[in-house]
Amino acid sequence: VEGIVLEGQYEFFAFQGQAGQRVQIEVIADGLLGLDPVLALLNPAGEIILEADDTNGSLNPSAIITLPDDGTYRLRVNGYLSSGEFTATIAILYD
């Protein structure tokens with residue numbers, strides 16, 4: 001998905017997950033606005049179960065997690081003292 005986040009605000013994206021699924025989540029800043037994206041994953045109960053910031057020498061966060069429960073998860077994206085456009089990807093990983 002593509003989105004825009006303003007400084008000091010959050011953008012949320014929901015997806016259905018199943019217990020035991022391994023997913024990779026990435027947020028890539030687009031454009032020249034200087035977004036420093038941060039991601040968090042909230043479980044179906046609304047609790048943060050994963051947070052990621054700068055990954056592999058880049059300002060763009062990426063993480064892999066095994067989902068603990070069935071239900072609707074929410075990806076939360078914000079900018080660290082910044083705003084701008086981004087692309088978020090959630091992919092199921094298969095062994």
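The values are calculated or read from the model by the stated rules, or taken from the named source; none is laboratory data. Bear in mind the structure is a predicted one, so any value in this text is a computation, not a measurement. Protein only, heavy atoms only, side chains kept; ligands, DNA and RNA dropped before computing areas. Shrake-Rupley method; radii C 1.70, N 1.55, O 1.52, S 1.80 Å.
Send over a whole-number figure in Å² for the accessible area per residue of the chain, probe 1.4 Å.
57 Å²
Provide the three semi-axes, in whole Å and in decreasing order, of the ellipsoid equivalent to the chain as defined by the square roots of 5 times the Cα gyration tensor eigenvalues.
23, 14, 11
Got a number for carbon plus sulfur as a percent of the chain's accessible area, 1.4 Å probe?
Here it works out to 49 percent.
Which order do ILE49, ILE64 take by accessible area at a 1.4 Å probe, largest first?
ILE64, ILE49
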